[in-house]
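The structure appears right after this line, and notes come after that.
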Amino acid sequence: MRRRPTIGGLKPLAVAETQEDNGLNPQGTDPKLIDALNRASSLELFQLSAIIERMLADPRRIIAVRTNMHMGQTVRFLDWRDGQMRNGRVVAMGDTKVTLREEGARHEWKLPYAAVEPPTGAVPQTPPPPAPPQLKPGRGDFRVLFSLAQARWRASPSVPSLRS
């Protein structure tokens, strides 16, 4: 692996010299992207980080994962420590985070929904077509009903007249 010199004790991301056929390193990240990020200034990385955080917090992204997820379901999630995908069972679902119990371990993870691979068989749902606009009754519609009710009331023999 080749590494850039560090500044202030910070370690840059490593780029593997041997790459798979598809041009990705074992963690699934494009080495060109890693190299570009290594060359970025701290301010540029911070700006990029802020943009990514906003995008990941977008409710549409959260809903896309949550829609087909349920309690007790087994899902795959990303272990941020080593970049490997792991399996876990859903034990709690919050508004922005999900709690997973890792299979084969007693460790629980509280992760943002973005760290969870959408459940298999999940197809992105298209919103239903908008319902046709309902006609709102106008003033004239009520006059006819009121007139009929008034005529029945006047014609009813059991109702005493208010005109006396």
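No value in this document is a laboratory result; all are computed from the given coordinates. The structure presented is a predicted model; accordingly, all values stated were derived computationally and were not measured. Don't worry about glycine lacking a Cβ; one is built from the backbone with ideal geometry, like all the others, and counts go over all protein chains shown.
Descending by average beta-carbon neighbour count within 10 Å, the peptides 59-72, 88-101 line up as 88-101, 59-72, the highest first. Taking a Cβ cut-off of under 14 Å around PRO119, the surrounding Lys, Arg, Asp and Glu residues balance to a net charge of +2, with basic ones at +1 and acidic ones at -1. Under conditions of 4 °C and 1.567 mPa s, region 41-115 yields 97 µm² s⁻¹ as its translational diffusion coefficient, taking Rh as the Kirkwood radius over Cα pairs in the Stokes-Einstein equation. The fewest-to-most ranking of ASP82, ASP35 by surrounding Cβ atoms within 10 Å reads ASP82, ASP35. Taking Lys and Arg as +1 and Asp and Glu as -1, the other residues whose beta-carbon sits under 13 Å from that of VAL91 total +2. For LEU111, LEU45, LEU135, the sequence from fewest to most other C-beta atoms within 10 Å is LEU135, LEU45, LEU111.
The relative contact order of region 31-105 comes to 17 percent, based on Cα pairs under 8 Å that sit 6 or more residues apart.
Excluding PRO59 itself, calculate the net charge of residues whose Cβ lies under 13 Å from the Cβ of PRO59, where each Lys or Arg counts +1 and each Asp or Glu counts -1.
Details: positive: ARG54, ARG60, ARG61, ARG66; negative: ASP58, ASP95.
Once positives and negatives cancel, what remains is +2.
A cut-off of 5 Å between modelled amide H atoms, ignoring neighbours fewer than 5 places along the same chain, links GLN73 with VAL90. Remark on VAL98: its backbone amide H falls under 5 Å from those of LEU111, TYR113, a criterion applied only to residues 5 or more positions apart or on other chains, H modelled at 1.01 Å from N.
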